Amino acid sequence: MNLLLELLARQEILLLCLLVGLGSLLGHVRLAGVSLGAAAVLFLAIGLSAWGHAAGHALVVSEHLGVLGLILFTFSVGMMSGANFFATLRQGLGPILAVVGVLMLAAGVAVAGGRLLGLDPATVAGAFAGALTNTPALAAAKEATGQSPLPTIGYAVTYVFGVVGMLAVATLALKHRAQDADAPTPLVNCTVRVETRQRPGIRELEQRHGERIKFSRVRHGGMRFPVQAVHEDDVLTYNDLVTVVGPADEVEQVVKELGHASSHALEADRSALDFRRITLSNGKLAGRTVAELELLQRFGATVSRVRRGDVDMLGSDHLVLQLGDRLRVVAPREQIGPVTAYLGDSARGLSDIHPMVLGLGLAAGILLGRIAVPLPGGGSFALGSAAGTLLVGLLLGHLGRIGRFVTTMPLTAAQALSELGLLIFLAQAGTKAGGQIGSAFATGEWWRILLLGAAITLTAGLGVYLVMRRAFGMGGTKLSGVLAGTQTQPAVLAFANGRTRFDARVAMGYALVYPAAMITKILLGQILGGL
C-alpha cells in the first residue's frame with residue numbers, strides 16, 4: 001500500500017480520477033434507503049488524504065483544479081436557474097433575510113460557546129468557517145488574526161461535521177417532499193365542445209386565466225370542416241371544438257366556462273393538422289420568446305408545450321427558449337418539414353456548451369469576485385470566484401440573448417458541466433481537509449472545537465429549516481436547496497439533486513440564498529477573527 005500511496009502522491013491527475021471514480025461508485029451504495037451521491041467523493045478524499053498524510057505522503061489535488069471545478073459548477077447552476085431566478089427574487093427577499101439572520105445567530109452561538117469552552121477567539125473564528133464549510137470565511141478570519149494558524153485548526157476539526165450535519169438536515173427536509181405545495185402541476189389537454197353563445201375570444205380567454213392555458217387546435221362549424229391551428233384573434237362560436245392545454249385545475253375551469261369535455265379528441269385527427277416534438281438547435285432562435293419565433297405567421301403552426309430537461313412547460317408566448325428545448329409543435333401536415341428545418345432538430349442542440357459564453361462568462365465572474373469592497377474601520381472583502389461566477393451565470397441565464405449572441409447553454413450541457421465541476425471540487429476540497437485533519441485532532445482541544453462546530457452547524461441548519469417551514473411554508477424540495485445554499489456547500493446540493501432527480505426547485509433554492517450567505521459568512525468570519 002505504501003507504493004500505491006507514493007504513486008498517488010506523485011500523480012495528481014491519477015489521484016483525481018481515482019477519487020472521482022471510486023467516490024461516485026460509493027455514492028451509489030444505499031444504507032437505509034439513503035445514498036450520499038457525489039458527496040461520497042468528498043468523504044473518500046478526506047479519508048484517503050488523511051491516511052496518506054499519516055504515512056508521510058501528501059495526497060493533494062491542487063487548489064487551481066479545485067477552483068476550476070468550483071467555478072464550472074457555480075456558473076452552470078446560475079445558467080440553469082437564471083431563467084426563473086429574477087422572476088421569484090422579489091418573493092424570495094424574506095427567505096434571504098431569514099438566512100442572514102440565522103447565520104448571525106450561528107455567529108452568536110460561536111462566540112458564546114467559544115467563551116464557555118475556553119477556546120481562543122482565533123480558533124472560534126476558524127470553527128465558525130469550518131462548521132459552515134466556507135473557505136472564504138476562513139481566509140477572512142486568518143487575515144483578521146494576522147495569519148494565525150489557529151483558524152485553520154478550528155476549520156479542519158469542524159469541517160466534516162459541517163457537511164454531515166447539513167446532509168442530515170437536508171434529509172429531514174426531503175422527508176416532507178411528498179407534501180410540497182409548490183410542485184409544478186402536470187400539463188393536461190382536453191377537447192372542449194363550445195356551448196356558450198357569448199363568442200369568447202382566444203386572447204381574452206388566455207389573458208383571463210393569466211396565460212396559464214393555451215389553445216392549440218380548433219374546428220369551426222362542425223365535423224365536415226378541417227382542424228386548424230388556433231390564432232390569437234380567433235373567436236369561438238357555438239358548437240366549435242377547441243383543444244386547451246394547461247394545468248388540470250385551469251383546464252377544468254375553462255371546460256366549465258365554455259361547455260363540456262367532448263368525446264372527440266382533435267389531436268387524434270391528423271389528416272390536416274399534425275404535431276411533432278422538435279429540438280431547438282438553431283442558435284439564431286435561442287434566447288427568443290415563443291412569440292418571436294413567428295411560427296403562426298410563417299407556417300400556420302403553434303407551440304403547445306416546451307419540454308426542458310424532464311419538465312413540461314406551457315408554450316406561452318412570453319416563454320424564453322433555450323437551446324435543447326423540445327417544442328411540441330402543432331402545424332399543417334405539409335409544414336411539419338419546414339418547421340423542423342427552421343428550428344434545427346439536431347442533437348447538437350442538447351450538448352453545445354457554447355465555449356464563447358462559457359469562457360467569457362467565467363472570466364467576468366472571476367473578475368467580479370476579485371473586486372475588493374472596503375469595510376468600515378479598515379480591511380476589505382471580496383465575493384470570490386464562486387459567488388462571482390454564480391451571479392454572472394444567473395444574469396446570462398436570465399437574459400438568454402444579447403443582440404446576436406446567445407447567452408445560455410442547453411440544460412443538459414449545463415447539468416453535465418455542473419456535475420463534472422462539482423466532482424473535481426469535492427475531490428480537491430477533501431484532500432485539502434484530509435491533510436489538515438490529522439494534525440488538528442492531535443491538539444488536546446479537538447473535542448471542544450468539534451462540540452462547538454456541531455452547535456454552529458445545527459444552529460444554522462435547524463434554524464433555517466424551522467424558519468422556512470414555519471414562517472414561509474416552504475416545501476421540502478426547495479428547502480433542501482436553500483439549506484445547501486446557506487451552507488454554501490456543493491456536496492449538500494449534489495445530495496439533494498440526487499434524491500430529487502435534479503428537480504429545478506433545488507437549484508432555485510440554492511441560487512436564491514447562496515450569494516447573501518457567502519457575503520454574510522465572509523463578513524462574520526472577519527468580525528469573529530478580529531475579536
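What is the extension gain from residue 181 to residue 235, computed as 0.36 nm multiplied by their sequence separation minus the C-alpha to C-alpha distance, in nm to one decimal?
On the way: separation 54, 0.36 × 54 = 19.44 nm, distance 3.53 nm.
That works out to 15.9 nm of additional length.
Take the residue pairs 432/521; 142/175; 142/432; 175/432 and return only those whose Cα atoms are more than 28 Å apart. Could the numbers behind the result be given before it?
Working: 432/521 20 Å; 142/175 38 Å; 142/432 17 Å; 175/432 32 Å.
The pairs that break the limit, which is 28 Å between Cα atoms, are 142/175; 175/432.
Each of 382, 225, 27 was scored by the projection of its Cα onto the charge dipole of the chain, and the greatest displacement toward the positive side belongs to 225; charges sit on the C-beta of Lys, Arg, Asp and Glu. With K and R counted +1 and D and E -1, the other residues having a Cβ less than 15 Å from that of residue 12 yield a net charge of 0.
I'd like the carbon and sulfur percentage of the solvent accessible area for region 384-531, probe radius 1.4 Å, heavy atoms only, ligands and nucleic acids excluded. Mind showing how you got there, number by number?
Working: 3150 of 4770 Å².
So the carbon and sulfur contribution to the accessible surface is 66 percent.
Between the residues 82, 273, 494, the greatest Cα displacement towards the positive end of the dipole of the chain, with unit charges on the Cβ of Lys, Arg, Asp and Glu, is found for 273. Each Lys and Arg contributes +1 and each Asp and Glu -1, all at the Cβ; summed about the Cα centre of region 7-147, the dipole is approximately 240 debye. Enter the Cα centre distance for the pair region 206-234 and region 60-87, rounded to the nearest angstrom. First find each Cα centre; the distance between them is then 43 Å.
Averaged across orientations, what area in nm² does the convex hull of the alpha carbons in the chain project? Before the final figure, lay out the partial values.
Details: hull surface 109.5 nm².
Approximately 27.4 nm², given one-decimal rounding.
Hey, could you get me the Stokes-Einstein D for region 201-277, Kirkwood radius over alpha-carbon pairs, 10 °C and 1.306 mPa s, rounded to whole µm² s⁻¹? Answer, rounded: 123 µm²/s. Placing unit charges on the Cβ atoms only, positive for Lys and Arg and negative for Asp and Glu, gives the chain a dipole magnitude near 260 debye about its Cα centre. Simple spin-label estimate for residue 199 and residue 372 gives 7.3 nm between the two label positions (7 Å along the Cα-to-Cβ direction from each Cα). Other residues whose C-beta falls under 14 angstrom from the C-beta of residue 455 contribute a net charge of +2, scoring Lys and Arg +1 and Asp and Glu -1.
Can you give the local net charge around residue 195? Use residues other than it whose beta-carbon is closer than 12 angstrom to its beta-carbon, Lys and Arg +1, Asp and Glu -1.
+1
Phi-derived couplings, Karplus 6.51 cos²θ - 1.76 cosθ + 1.60 at θ = phi - 60°, listed residue by residue for region 2-18: 4, 5, 5, 5, 5, 5, 5, 5, 8, 10, 5, 5, 4, 4, 4, 5, 5 Hz, with x used for Gly and Pro. For region 116-270, the fraction of C-alpha pairs more than 18 angstrom apart is 69%. Taking label points 7 Å from Cα along the Cα-to-Cβ direction, residue 249 and residue 6 give a separation of 6.8 nm.
From the alpha carbon gyration tensor of region 59-115, can you work out the equivalent ellipsoid semi-axes (sqrt of 5 times each eigenvalue) and give them in Å, largest to smallest? Walk me through the numbers before you get to the answer.
Working: eigenvalues 159, 137, 4 Å².
Taking √(5λ) for each eigenvalue gives 28, 26, 5 Å, largest first.
Using only helices, what value at 222 nm comes out for the chain when you add -39,500 (n - 2.57) per DSSP H run of length 4 or more and divide by the total residues, to the nearest 500 deg cm²/dmol?
Details: 20 runs with 306 residues, N = 531.
Helices in the chain give a 222 nm mean residue ellipticity of -19000 deg cm²/dmol.
Please calculate how many Å² of accessible area the chain carries per residue, with a 1.4 Å probe and no DNA, RNA or ligand atoms counted.
Roughly 43 Å² per residue, with all protein chains present.
Highest mean packing first, where packing is the average number of other Cβ atoms within 10 Å per residue, the peptides 467-476, 174-183, 236-245 line up as 236-245, 467-476, 174-183. Ordering 92-100, 493-501, 412-420, 428-436 by mean Cβ neighbour count within 10 Å, with the highest value first, yields 428-436, 493-501, 412-420, 92-100.
In region 100-205, taking the dipole from charged Cβ atoms about the Cα centre, the farthest positive-side position among 201, 113, 174 is held by 201.
The values are calculated or read from the model by the stated rules, or taken from the named source; none is laboratory data. All figures in this text were calculated on a predicted structure; none of them were measured in a lab. Every residue, glycine among them, receives a Cβ derived from its backbone with ideal geometry; neighbour counts consider all protein chains shown. All accessible areas refer to the heavy atoms of the entire protein, side chains included, with ligands and DNA or RNA removed. Shrake-Rupley method; radii C 1.70, N 1.55, O 1.52, S 1.80 Å.
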